[in-house]
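The next block holds one structure in the form of structure tokens; read it before the comments.
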């Protein structure tokens, strides 16, 4: 487990007042860290609200840590999923090797909140970002960054030299795929970039990286073949770089891939590799596991309920709560949440429960969310929905759920508010 650097930033979260800028909590003189003292239940909150189930969160953290340990891989979860320092702390306590960022702004937040090692899984070409990286790495920050071209490497080299960086920045060479995101598109381009890195005075080739999440997030045979082929190409590139002697100055070589859909395929591909000249640290970067979901991840994760992994299954931890505002036509109900409150890029929210007047959960009504406006959800239904009913929805794609809520109340299994998570997007 990586030691955490203490900072005052987490204490600042706890001391922040529960002001009107948090749209889902009542007026209160309490702070974020003291929210449990309010004695609130979920129905005391201002709806709509997104909530996080404590028991599911704790279960998911422990299960994925066990999965990584059983498979002999390190974990650097995508912090961009939650952008929540309190959850970074929980992930570090569970033994992750690093937290992954997608931008310099995200890495800066992680650094401020004491994350000791960040894998910045993106190319960085802007001068302000590179100057920040130079200063922090020179001050002892353990940060990795990606590169995929000679042009990008030379731009990084020039800015780091101008910034008078005193420590080299470790770089992971990114391999890409046609019509995908970043990453060298051919072995020749990758090798040229690697050779340029080894000639740098401010950058050091530390390993290779890819993101197989650019492929469709499903378990169809065609998708799995494409993922497996891409990962085999990454392993082959690493072997070629090692054979050329490009890691002679490294104590270990980093080999990393990973979204939340295919970590099992990543492990299988890496385990097929022959030994190299240095120890290889295999790192998966799944981030959505921490809350899982009722849609995208449930369909594709190797630890979903449908996958029936003997180790266990991830549990959806995020729930969206809203009132029925109107039943203006037979078979139509308007619920009080919309695009500003719920993710809609992968799937629309899914009704999973209904609250009885006494606050107990009842089975979900026969209803479906057909459309979202900014503040309204259109539900088609064949049930007895009435104005004022409180419905609970599952969501799909945690990344675009967290970003909509600066404060997410944490519930125990009796729907009592026991904590709150602060996000920074």
Footprinting proxy, 238, 314, 46, 92: sorted fewest to most Cβ within 10 Å, the residues are 46, 92, 238, 314
I'd like the FRET efficiency for residue 368 and residue 11, computed as 1/(1 + (r/R0)^6) with the beta carbon distance as r and R0 of 56 Å, rounded to 0.05. 0.80
Listed with the fewest Cβ neighbours within 10 Å leading, 397, 376 appear as 376, 397
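Got a sec? How would 389, 27 order by Cβ neighbour count within 10 Å, fewest to most?
Going from sparsest to densest Cβ surroundings: 27, 389.
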Using alpha-carbon coordinates, inclination of helix 54-71 to the longest axis of the chain, degrees: 30
Go through (1) 60; (2) 46; (3) 43 and flag the label whose value is the computed percent of Cα pairs over 30 Å apart for this structure. (2)
Simple spin-label model, 7 Å along Cα-to-Cβ: residue 126 to residue 277 in nm? 3.8
Relative contact order of the stretch 116-286, pairs being alpha-carbon contacts under 8 Å that are 6 or more residues apart, as %: 18
Taking only DSSP H segments of four or more residues, each worth -39500 (n - 2.57), what value at 222 nm results for the chain once the sum is divided by all its residues, to the nearest 500 deg cm²/dmol? -8500 deg cm²/dmol
Considering the chain as a Gaussian network with a 10 Å cut-off on Cα pairs, which listed residue, 272, 219, 339, attains the greatest mean-square fluctuation? 272
May I ask for the percentage of alpha-carbon pairs in the stretch 48-206 that lie more than 27 Å from each other? 31
Whole-angstrom gap from the stretch 300-348 to the stretch 231-269, using each part's C-alpha centre: 36
Specify the angular offset, from 0 to 90 degrees and rounded to the nearest 10, of the alpha carbon long axis of helix 187-198 from the longest principal axis of the alpha carbons in the chain. 70
Give me the number: length gained by fully extending residue 179 to residue 326, i.e. 0.36 nm times residue separation minus the C-alpha to C-alpha distance, one decimal in nm. 48.4 nm
Relative compactness, the stretch 116-286, computed as alpha-carbon Rg over 2.2 N^0.38 Å: 1.01
Just need the relative contact order of the chain here, percent rounded to a whole number, with Cα pairs under 8 Å and 6+ apart. 19
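No value in this document is a laboratory result; all are computed from the given coordinates. Note that this is a predicted model, so its numbers are computed, not measured. FYI the Cβ positions are ideal-geometry reconstructions off the backbone, even for glycines, and counts take in every protein chain you see.
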